[in-house]
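A quick write-up on the structure given underneath.
The values are calculated or read from the model by the stated rules, or taken from the named source; none is laboratory data. Only a predicted model underlies this, so the values are computations on that prediction, with no experimental measurement involved. FYI the Cβ positions are ideal-geometry reconstructions off the backbone, even for glycines, and counts take in every protein chain you see.
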Amino acid sequence: IPATNSTLHKRASGVSWNPWDAAYQTYDYIVVGGGLTGITVAARLAENPSTTVLVIEAGADDRWDQRVYDIYAYTQAFSTSLDWQFPTDHGRQMVAGKTLGGGSSINGGHWTRGLDAQYDAWGQLLESSEASLNWNWANLFDYMKKSETWSGPNDQQRAKGADGIDDYHGSWGPVQVTFPDDMFGGPQQGYFAQSMQTLTGIAKSRDLNGGKPNCVAFTPQMMNWHDQDHRSSSPAAYLTPVESDRTNWLTLVNHQVTTLLWANGGTDKTSTGVRFKQADNSGQDYEVYARKEVILAGGAINTPAILQRSGVGDPAHMNPLGISTVISLPTVGKNLQEQTMSALGANSNGFDWGGRGPSGVIAYPNLYQVFGTNGNATAQRIRDNLATWADSQKGSAASKAALQTIFGVQADLIINKNAPVVEIFYDTGYPNAIGVDMWQLLPFSRGTVKITTSDAFTKPEIKVNYFSVDLDLDVQVASAKMVRKLFKTAPLSTLSTGESHPGFSRVPDGTDGGSDANWKGWIWDTFNPVHHPVATCAMMRRDLGGVVNGRLKLYGAANVRIVDASIMPTQISAHLSSTLYAIAEKAADMIKNGV
Ligand SMILES: Cc1cc2nc3c(=O)[nH]c(=O)nc-3n(C[C@H](O)[C@H](O)[C@H](O)COP(=O)(O)OP(=O)(O)OC[C@H]3O[C@@H](n4cnc5c(N)ncnc54)[C@H](O)[C@@H]3O)c2cc1C
């Protein structure tokens with residue numbers, strides 16, 4: 001007898017690729033995107049057995065794929081079907097995970113956190129009435145720990161330089177964090193740390209995960225030593241262990257959400273569910289309905305695109321595409337902040353790397369350490385230029401005044417609170433035996449994500465506006481010069497026969513370490529995005545250009561939240577995962593507690 005009512009048949013759970021397991025049914029919560037944050041928030045909501053949760057993920061379930069579970073296969077998923085392969089301006093491509101787990105299934109796995117004051121600053125960008133929501137370091141630090149199980153270094157790892165402070169980490173969370181068993185035991189990582197200290201005066205820290213990252217330190221990774229050091233992705237951490245028990249949670253893979261469905265009328269709009277289709281764009285459209293909330297977790301590029309297709313954005317942008325306005329919110333897709341990376345290298349004298357890595361030592365210098373004797377002058381230049389920069393970037397923000405306020409907060413962190421402005425990532429073997437990837441962390445340049453058609457299968461137009469504030473390029477130049485000096489600083493210099501990337505024929509050395517013009521030419525030719533986009537649906541006051549409030553609720557909607565990297569209002573001086581797990585954990589608690 002065919003079921004006529006969804007309560008009559010057993011609900012599907014676990015992971016499925018059959019659309020009919022979900023289509024035309026009603027769930028308490030629909031989570032759009034089964035990436036880092038989507039799986040995390042879904043897992044916590046599904047802890048209540050009487051709550052039904054559906055996750056819809058465009059990518060496949062590739063947990064069995066070596067490019068996913070093997071952290072040593074890092075980069076092999078790039079430019080494959082596991083990657084959205086987003087084109088951006090300047091012909092650069094941005095990587096984003098299109099697979100169950102999203103970025104957490106293909107990322108580098110490095111586990112770092114930003115400066116405590118950077119998280120406190122997020123609270124300053126909200127209405128004062130939302131102070132009790134505790135968007136601050138103390139609260140997020142608790143959630144970072146909640147998400148984590150830390151396994152400190154054993155004796156052989158300590159002997160190679162690994163260290164950690166147990167109080168900075170969690171003991172019971174799903175994400176496994178540790179140092180790799182095969183971590184490099186050669187001299188290079190320790191020498192890098194020593195040379196950074198000698199060159200810049202930066203402090204060596206036992207552990208940079210306690211809210212004070214302005215240091216150089218050995219850094220752990222999201223990997224599971226109970227499982228052959230395999231990647232601890234969001235599905236490995238939050239889904240696999242409970243997959244057969246949580247019969248109230250279904251994850252539908254290989255299907256893409258095309259638009260939100262809206263109920264008619266109401267001052268605050270209500271989403272009744274979503275429309276979706278097979279991710280290869282074949283077959284029919286389906287619908288599925290939400291009893292309580294729709295939670296967007298498609299990532300910082302796709303979430304604003306889904307909103308714009310669903311009539312939430314700038315009417316002047318959407319209406320010519322044939323999309324009628326449901327909520328006028330012109331900053332959806334604005335405020336994009338992405339970092340820019342350059343890789344420098346030096347030849348080896350033949351030293352033994354002593355293992356296979358991955359690399360795990362990072363320095364986070366502040367403005368004064370990067371610019372040296374020009375530090376104070378650069379700080380003054382920042383103070384003097386905030387209005388000019390806000391004016392030049394206002395097309396990618398709510399207004400000049402809004403951006404100037406946000407820039408003021410950012411400048412205070414850089415100038416007065418020593419927020420690290422650049423990441424110096426020691427990378428054994430890339431782009432040469434001795435390698436350094438370096439990226440400016442806190443750009444003033446702002447960009448946009450915009451759909452160009454109502455078709456859900458056309459990628460949005462991404463304009464990062466790389467280096468459109470000249471300071472961003474100057475930070476990159478100063479950092480490159482610093483790394484050139486680093487290669488010449490003992491003890492790292494004793495391992496090297498000299499710089500290879502860019503090398504002195506490409507950027508002649510001279511007495512000043514190379515001219516700014518030559519460095520700029522090389523950086524423009526070779527930089528890549530860091531694949532850390534944030535802020536396209538920022539959590540801020542509405543007058544600052546916010547898209548969600550401190551409850552992560554979409555302005556103008558009654559039951560839509562956003563829980564992904566798009567809500568981070570600013571970049572932080574860190575890789576993003578630990579912070580995003582904390583955001584998702586906090587979001588789940590707010591939803592469960594009716595906040
Ligand atoms: C190459 C790379 C390296 C990185 N390295 C590190 C690192 O070493 N350490 C670190 O901490 N962080 C790192 N990151 C950053 C981190 O992985 C991301 O910031 C994080 O995954 C973002 O989480 P998210 O939940 O916002 O989005 P994602 O994890 O990207 O998840 C979004 C999910 O939504 C799905 N989706 C999108 N649109 C739709 C739709 N319409 N319908 C259905 N599903 C949809 C996507 O397929 C994806 O699975 C890296 C990221 C990349 C890309």
(message) Looking at Thr511 and the list (1) at pLDDT below 95; (2) within 16 Å of the ligand (Cβ to nearest atom), which single condition is not satisfied?
(response) (2)
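Each row is one residue, and each column tells you yes or no for (1) outside any helix (DSSP H, G or I); (2) touching a Gly at 6+ places or on another chain (Cβ under 9 Å); (3) more than 30 Å from Val361 (Cβ to Cβ).
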{"site": "Gly513", "(1), (2), (3)": "yes, no, no"}
{"site": "Ala517", "(1), (2), (3)": "no, no, yes"}
{"site": "Arg551", "(1), (2), (3)": "yes, no, yes"}
{"site": "Ala574", "(1), (2), (3)": "yes, yes, no"}
{"site": "Ile583", "(1), (2), (3)": "no, no, no"}
(request) Select from the range 296-346 the residues that are assigned to a loop (DSSP other than H, G, I, E, B) and out of contact with any strand residue (DSSP E or B) (no Cβ under 6 Å at 6 or more places or on another chain) and list them in ascending order. (result) Gly311, Asp314, Gly322, Ile323, Ser324, Thr325, Pro330, Thr331, Asn335
(request) Kindly indicate which of Asn347, Asn319 is surrounded by fewer than 24 Cβ atoms within 10 Å (Cβ to Cβ), more than 24 Å from Ser399 (Cα to Cα) and away from the ligand (no atom under 12 Å from the Cβ). (result) Asn347
(message) I'd like the residue in the range 528-551 that is surrounded by fewer than 23 Cβ atoms within 10 Å (Cβ to Cβ) and of a type in the set (S, T, N, Q) and, out of all such residues, is nearest to Glu47 (Cα to Cα).
(response) Asn549
(request) Take the residues in the range 106-157 that are more than 27 Å from Met540 (Cβ to Cβ) and of a type in the set (D, E, K, R), then tell me which one is surrounded by the fewest Cβ atoms within 10 Å (Cβ to Cβ). (result) Asp155
(request) Being modelled with pLDDT of 95 or more, buried (at least 24 other Cβ atoms within 10 Å of the Cβ), of a type in the set (A, V, I, L, M, F, W, C) and more than 15 Å from the ligand (Cβ to nearest atom) narrows it down to one of Leu554, Leu576, so name that one. (result) Leu554
(request) Filter the strands (runs of 3 or more DSSP E) completely within the range 400-495 down to those with at least 2 residues that are in contact with a Pro (Cβ under 7 Å, 6 or more places away or on another chain) and of a type outside the set (Lys, Arg). (result) 422-426
(request) Could you list, in sequence order, all residues of the range 72-98 that are surrounded by 15 or more Cβ atoms within 10 Å (Cβ to Cβ), part of a strand (DSSP E or B), away from the ligand (no atom under 11 Å from the Cβ) and of a type outside the set (S, T, N, Q)? (result) none
(message) Being small (Gly, Ala, Ser), in contact with a helix residue (DSSP H, G or I) (Cβ under 9 Å, 6 or more places away or on another chain) and buried (at least 16 other Cβ atoms within 10 Å of the Cβ) is the requirement here; does Ala387 meet it?
(response) no
(request) Evaluate the following for Asn376: is it surrounded by fewer than 18 Cβ atoms within 10 Å (Cβ to Cβ) and touching a Ser or Thr at 6+ places or on another chain (Cβ under 8 Å)? (result) no
(message) Just to be sure I understand, how many residues within the range 272-300 are closer than 17 Å to Ile562 by Cα, more than 8 Å from the ligand (Cβ to nearest atom) and of a type in the set (A, V, I, L, M)?
(response) 5
